[in-house]
Amino acid sequence: MSELQPDERDEVGVDRRVTVVVLAGGTSRRFGADKLAAPLGASTVLDRLLAELPARWPVVLVGPVRPTARPDAVWVREEPSGGGPLAGIAAAVPAAESDLVAVVAGDMPFAAPALETLVAALDASGADVGGAVARVDGRDNALLAAYRTDALRAVLPPEPHGRPARTLLTVPHVAVPVPAGPARDVDTPEDLERARASVDGEPG
């Protein structure tokens with residue numbers, strides 16, 4: 001990622017250019033319980049992601065308020081609740097006072113490095129490029145991406161409730177190859193076991 005200019009970082013070291021929107025709602029139907037609170041190593045699925053995000057990036061969490069590893073995060077909720085990820089992002093964007101918005105699902109515990117890569121890719125793109133989207137196994141993932149805030153606002157429909165997240169792919173974007181590991185999500189108990197095996201195999 002490009003170096004910040006002195007006026008782009010405030011007195012406490014917060015990068016005002018990037019806000020991370022973390023989707024932390026959902027029903028966890030396939031998991032059978034609150035997957036974001038599921039233990040993962042010494043943490044939880046959600047807190048593993050939050051702890052790995054750059055501390056300089058403000059975080060907006062979408063979903064019911066809960067204690068997390070980022071007590072400085074702002075919480076929002078789409079109205080009515082249960083509107084899906086696009087509605088969640090639409091609820092979060094007004095809280096983002098930044099040029100760029102990085103989007104990630106809260107059940108992607110290993111995605112933080114990918115977000116940094118995506119922000120760097122967007123920084124390196126021309127002004128006509130509105131987003132940098134993770135391409136995983138040949139498919140673009142609109143929920144693991146970095147967007148210019150103005151471009152994101154321009155494609156959000158007035159009534160986003162129930163609309164597909166792929167609407168975000170109408171933003172002119174570059175596709176950035178991302179390995180399956182960082183893009184791994186936890187949808188089922190089997191996914192969680194694979195994630196735990198990955199954590200158990202980390203050095204230290």
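The values are calculated or read from the model by the stated rules, or taken from the named source; none is laboratory data. Computed from a prediction, not measured in an experiment: that's the story for all the values here. No Cβ is skipped: glycine too gets one built from the backbone with ideal geometry, and neighbour counts run over all protein chains shown. Heads up: the accessible areas ignore ligands, DNA and RNA and are worked out on the full protein's heavy atoms, side chains in. Shrake-Rupley method; radii C 1.70, N 1.55, O 1.52, S 1.80 Å.
Here are a few things to note about the model shown:
- Per-residue packing, averaged as other Cβ atoms within 10 Å, sorts the ranges 128-137, 186-195 into the order 128-137, 186-195, beginning with the highest.
- Anisotropy class of region 47-92 from Cα gyration tensor, a/c 1.5 cut: prolate
- Take the chain with all the other protein chains still there, run a 1.4 Å probe, and you get 48 Å² of accessible area per residue.
- Computed 3J(HN,Hα) for region 99-115, one whole-Hz value per residue from the Karplus formula 6.51 cos²θ - 1.76 cosθ + 1.60 where θ = phi - 60°, is 6, 10, 10, 9, 10, 8, 7, x, 8, 10, x, 10, 8, 4, x, 5, 4, glycine and proline marked x.
- Gyration tensor verdict on region 85-204 (Cα atoms; rounded if a/c is under 1.5, prolate if a/b is larger than b/c, oblate otherwise): prolate
- Within the accessible area of the chain (1.4 Å probe), percent carbon and sulfur: 51 percent
- Cα gyration tensor category, rounded, prolate or oblate, for region 103-156 with a/c compared to 1.5: prolate
- Region 103-128 and region 139-204: distance between their alpha carbon centers, rounded to Å: 9 Å
- A helix-only calculation puts the chain at -6500 deg cm²/dmol for mean residue ellipticity at 222 nm, using -39500 (n - 2.57) for each DSSP H run of at least four residues, averaged over all residues.
- Relative contact order %, region 132-187, counting alpha carbon pairs below 8 Å whose residues are six or more apart: 48 percent
- For the pair residue 202 and residue 161 in one chain, pulling the backbone fully straight at 0.36 nm per residue adds 10.8 nm over the alpha carbon distance.
- Cα-only Debye scattering, the chain: base-10 log of I(q)/I(0) at q = 0.08, 0.09, 0.11, 0.13 Å⁻¹: -0.25, -0.31, -0.47, -0.67
- Each peptide in 143-153, 80-90 was scored by the mean count of other Cβ atoms within 10 Å over its residues; highest first, the order is 143-153, 80-90.
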